[in-house]
Amino acid sequence: MKTTWYCGLDLSTVVEEEEDGVIYTVVVKQQHAVPTSPMSAVSRSQCVKAGTEEKLVLHLLHSFSMGDSSFVTIFLSTYRSFISTERVLDILTDRLENPPGDSKRSHVRQSFNKAVCTVFSTWLSEYPEDFKNLGQPSRLLRLAPLLPKDSSAVDLRNSLLRIAEELSEKALLPDTHEDQASFTSSSADASKFEPTSVLGFPAALIAEQLTKIETELFVGLVPYHCLGSLWSQRDKKGREGVCWSVRATIRQFNKLANAVLASCLYPTKLRSQQRARLLEKWISVAEECRARKNFSSLYAIVSALQSNPIHRLKKTWQETDREVMRRYEDLSEIFSDKDNYSQSRELLKEEGTSKFANVDNRLNNRHLTKSSARGTVPYLGIFLTDLTMLDTAIKDRLDNGYINFDKRRREFEVLAQIRLLQSSCKNCVFTADEAFIQWYNSIPTLTEEESYKLSNEIEAPCEPSPRSHTPTVIITQCPDLSTSQPNLAGDSDSLFDFQSPVNNLLSKLTKHMRSPSVSCLDVDTSLSTNENTPTALHPSTPTKSHRRSASCGNNPSNNIQGSGPDMRIVRIRMDLQDGNLYRSILVTSNDKTPAVIHSALEKHNQDPKQTSRYELIQLLPEGKELVIPATGNVFYAMTSSSVDFLLRRKGGNTPLGSLSNSPEISATFPRIKAKGRRLVQTLF
């Protein structure tokens, strides 16, 4: 492929070149010094587009000399999506044992040694856990003696040997590792919980303590845990510990939303005027979180206030101060899902690395001084959405089997935004308030049923709300992602552009997404629909006098027309020996059953040549199944009641009772209502 364009006096040509298992995107620029001069300067830059597993690893050692300066950073950030740490070390160690023939020349050997030291020093500095989690020291003991003998590699060699020694000692000790993902705090004693005690803490103090918790979690977040290909494996058997840093953030989001619910619902005997003061307190806390650029806590509070157990308390909302209500509506608008969370992204772009939030000076001047400037804690769900969409929409491999490294470049753009925000939080200093922390940890966990029972005790339900349709994600006019070119300009200013690198590619994927603004409180990954769910679980229509929760209870459109083929994201599960694993698949209105099965097998790393041996089954509510015809159009054959599918060998008999009901958190998207939960399962 060859593309040529003109820019002023420049003539630029983009071509693709394949060489020894690697495809390069090459940009050749020809610039005239002056319009009348026949002389011109030619520059050439290239970056890897795709390659074999081995060649991509070896390119780590050659990328500097070839001008592909970002390759090492991108590779180390994303390689876990397509290759293991052990395999990377084995390939590099083999090369050190058998260096290229021309490395005997002095200047070539120096360049090669420098590249080796740079790669391993960067890797060890940025991702030391990759080495510490190897399990056995043998690879490090093999690698260390092969490093360059000059002084530049002394510290590197010693560091690797220390880690090898630690691994040896760890292997001799009994296994006392506690799975970070399986940790759950014990439920507090409800009889000792004082819900109205929250009124005794200043809103600024509560927000400060919440920001302290969120900041520590965000700084400890491992960015690559957010990659769609890794996050999608969280429910796979034997992978319970994967993405533990993301799970920790989700648990805090749920805990805070639960705190709002419990404090507002537990005192069932309060008068409406008294309960309204609790709502006003949490709205004030949300404002203070906004002033501290703590968007994670802000969203958790707003989501809880918008959830049905609180949303339906008509009398309480009527007693809430009008000015407080106006400010609450403004805060709610920040997380509108309109245009792929465009307002949230714009705020991150404007305030991401600034010292203060762009809010009413009343808040900044009253509580935040120059010495207390804070970093930005984002709502992580926005980044998880981008990375999940990228993983779903762009192929992992090209048609010739090469690993699609352009996909990793796009994923890195999202990870780079996370890391930049993390850097703004690393120097933040907080002081713990033991009284608030003690109250916060004393809050009992409410289930959905308990929340609605308390809510109904406070205000008896009126007429039942009609059951809404299952939300789905409808996609129109999906562009051909494989043909788009990466940004080769290297503009560092574009790194912090929170309009999302997937917006140009995937804005139409999320254009028709509808998500209820409710909190992720009840941790449940069940695929079945609970028919015993009380009618009150479904959103009630806000009264005319209250303009709250604009997005609460929206029904999605299931028939959206577009000029391009319609598409949907579905989740397809296979029964593998190592557990149940779901992968998201794009299904277009042109896709027949064999094509969908072929794509699903590829996503599950199974042999796509076995397509004819499988059948595609849609999993419906109440344990029912719909077998998609072998030569049918999947898009039109499926029903709108479910987006979950099973890939089953023909003649097999897989009981639906084997579907995983993991107690662990399955998403960061708000989902307390049954419809919200199913939407999150659609996305993740």
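The values are calculated or read from the model by the stated rules, or taken from the named source; none is laboratory data. Being a predicted model, the structure only gives us computed values, none of them experimental. Cβ coordinates were reconstructed from backbone atoms using ideal geometry, including for glycine residues, and neighbour counts include every protein chain displayed. Ligands, DNA and RNA are stripped out before the accessible areas are found, and what is left, the full protein with its side chains, is counted by its heavy atoms. Shrake-Rupley method; radii C 1.70, N 1.55, O 1.52, S 1.80 Å.
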Checklist entry - What single numbered condition from (1) at pLDDT 65 or above; (2) surrounded by fewer than 17 Cβ atoms within 10 Å (Cβ to Cβ) fails to hold for residue 404? => result (2)
Checklist entry - If you check residue 121 against the conditions, is it over 19 Å from residue 87 (Cα atoms) and among the hydroxyl-bearing types (Ser, Thr, Tyr)? => result no
Next on the checklist: I need the full set of residues from region 44-59 which are within 19 Å of residue 15 (Cβ to Cβ) and among the polar types (S, T, N, Q), in order please.
Outcome noted: 45, 46
Checklist outcome for this item: Only one of 588, 593 is more than 28 Å from the chain's Cα centre (by Cα), modelled with pLDDT of 60 or more and either open to solvent by less than 30 Å² (accessible area, probe 1.4 Å) or among the acidic types (Asp, Glu) (or both), namely 593
Checklist entry - Can you name the helices (runs of 4 or more DSSP H) wholly within region 59-144 that have at least 2 residues being under 26 Å from the mean Cα position of the chain (by Cα)? => result 71-78, 85-97, 106-126, 128-132
Checklist entry - Filter region 331-375 for residues that are of a type in the set (Asp, Glu) and open to solvent by 80 Å² or more (accessible area, probe 1.4 Å); which is modelled with the lowest pLDDT? => result 360
Checklist entry - What number goes with the only condition from (1) among the basic types (Lys, Arg); (2) surrounded by fewer than 19 Cβ atoms within 10 Å (Cβ to Cβ); (3) in a loop (DSSP other than H, G, I, E, B) that residue 315 does not pass? => result (3)
Checklist entry - Quick one: residue 324 ticks every box in (1) of a type in the set (Val, Ile, Thr); (2) in a helix (DSSP H, G or I); (3) open to solvent by less than 10 Å² (accessible area, probe 1.4 Å) bar one, so which box is it? => result (3)
Next on the checklist: Every residue in region 286-312 that is within 21 Å of residue 454 (Cβ to Cβ) and open to solvent by less than 10 Å² (accessible area, probe 1.4 Å), please.
Outcome noted: 300, 301, 302, 303, 304, 305, 306, 307, 308, 309, 310, 311
Checklist entry - Out of region 133-153, which residues are surrounded by 13 or more Cβ atoms within 10 Å (Cβ to Cβ) and closer than 10 Å to residue 117 by Cβ? => result 147, 148, 152, 153
Checklist entry - For residue 76, all conditions in the list (1) in contact with a Ser or Thr (Cβ under 9 Å, 6 or more places away or on another chain); (2) open to solvent by less than 10 Å² (accessible area, probe 1.4 Å); (3) more than 30 Å from residue 221 (Cβ to Cβ) hold save one; what is the number of the exception? => result (3)
Checklist outcome for this item: Checking 188, 181 in turn, the sole residue that is at pLDDT below 90, part of a loop (DSSP other than H, G, I, E, B) and surrounded by 12 or more Cβ atoms within 10 Å (Cβ to Cβ) turns out to be 188
Checklist entry - Any idea how many residues of region 199-221 are among the charged types (D, E, K, R) and in contact with a helix residue (DSSP H, G or I) (Cβ under 7 Å, 6 or more places away or on another chain)? => result 1
Next on the checklist: Whether any residue in region 140-154 is among the charged types (D, E, K, R), in the same structural domain as residue 70 (by the TED database) and touching a Leu at 6+ places or on another chain (Cβ under 8 Å) is what I want to check.
Outcome noted: no
Checklist entry - So residue 378 clears everything in (1) open to solvent by 10 Å² or more (accessible area, probe 1.4 Å); (2) over 30 Å from residue 588 (Cβ atoms); (3) of a type outside the set (D, E, K, R) except one condition, right? Which one? => result (1)
Item to check | 1 or more residues surrounded by 15 or more Cβ atoms within 10 Å (Cβ to Cβ) and among the hydroxyl-bearing types (Ser, Thr, Tyr): qualifying strands (runs of 3 or more DSSP E) within region 600-656 | outcome: 614-619
Checklist entry - Residues in region 204-217: is at least one in the same structural domain as residue 246 (by the TED database), modelled with pLDDT of 75 or more, among the small types (Gly, Ala, Ser) and more than 22 Å from the chain's Cα centre (by Cα)? => result yes
